[in-house]
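Presented below is the structure to which this report refers.
The values are calculated or read from the model by the stated rules, or taken from the named source; none is laboratory data. All figures in this text were calculated on a predicted structure; none of them were measured in a lab. Here Cβ is always computed from backbone atoms with ideal geometry, including for glycine, and neighbour counts include all displayed protein chains.
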Amino acid sequence: MVQPGDVVLFQGDSITDCGRDRDCLQANQPDGLGDGYVNLIADRLIEDYPNHGLRVYNRGISGQQIIHLAERWHADCIGLQPTILSILIGVNDTWRGFDGGVPVAVDLYEQVYRQLITEARQERSSLRVVLCEPFVLKTGVVTEAWLPEIKQRIDVVHRLAEEFDATLVSFQRRLGAATSEAPAHYWLRDGVHPTPAGHQLLADTWWETFMA
């Protein structure tokens, strides 16, 4: 599914951001790709397709919700003219309801998410969209009370993937299965943010799904 000249853009929150240097805006630069799953995927793309002239960008920003993504959509998505767009967003929309912040209701999450994909597809009808399930595991800050709403957001992502004929990456399902091999904190250090093993699992899951 990778074509010569592809521009691959990863969007999301801290899980995608993962310490990237936000002043490093050029494609394929390690400092600008962060230390997580995006960097692992980018390394493999660039290694496996050395003659394709691929450009890979990370524009995740820590702490952001879907409404913040919307505020910067034209600068950090449309303006980069991606041909492949991968989005992982949603956990902060729930988390803010548990840490004294302002959560984003599930129906608004769906409305804004749909609009972002619509705008991107209007700009490039051939855009390949990859939608990643938001995820948590019950450890660290994550309690049982989080789970029903996270499930609703996952359901939203499934609906949008079907609606837009997007590739759906089942991060939550894969992480849940992985807890049979090692405890939740082995994969997600606080129930939300991946450990190195967790980032590798995300990268492997993304790659296997996208390349299938």
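Listed values, structure above:
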quantity	calculated
Number of the condition not met by T94 [criteria: (1) in contact with a strand residue (DSSP E or B) (Cβ under 6 Å, 6 or more places away or on another chain); (2) buried (at least 21 other Cβ atoms within 10 Å of the Cβ); (3) of a type in the set (S, T, Y)]	(1)
Contacts under 6 angstrom Cβ, first residue in segment 1-21 being crowded, with 24+ Cβ neighbours inside 10 Å, partner polar (S, T, N, Q) and part of a loop (DSSP other than H, G, I, E, B), 6 or more apart	D13/Q64
Matching entry among V142, V169, V136 (being in contact with a Cys (Cβ under 7 Å, 6 or more places away or on another chain) and of a type in the set (A, V, I, L, M))	V169
Qualifying residue in segment 121-129 (condition: under 14 Å from the mean Cα position of the chain (by Cα), farther than 22 Å from G19 by Cα and modelled with pLDDT of 95 or more)	yes
Residues being touching a residue at least 40 places away in the same chain (Cβ under 8 Å) and over 14 Å from Q200 (Cα atoms) - total across segment 170-182	2
Given (1) among the small types (G, A, S); (2) without any contact (Cβ under 8 Å) to a residue 24 or more places away in the chain; (3) surrounded by 16 or more Cβ atoms within 10 Å (Cβ to Cβ), index of the condition A120 fails	(2)
Total residues in segment 183-212, condition closer than 17 Å to T139 by Cβ, part of a helix (DSSP H, G or I), touching a residue at least 24 places away in the same chain (Cβ under 8 Å) and among the small types (G, A, S)	1
Check on V169, more than 21 Å from A105 (Cα to Cα) and at pLDDT 95 or above	yes
Test: I61 is outside any loop (DSSP other than H, G, I, E, B), at pLDDT 95 or above, surrounded by fewer than 24 Cβ atoms within 10 Å (Cβ to Cβ) and out of contact with any Leu (no Cβ under 7 Å at 6 or more places or on another chain)	no
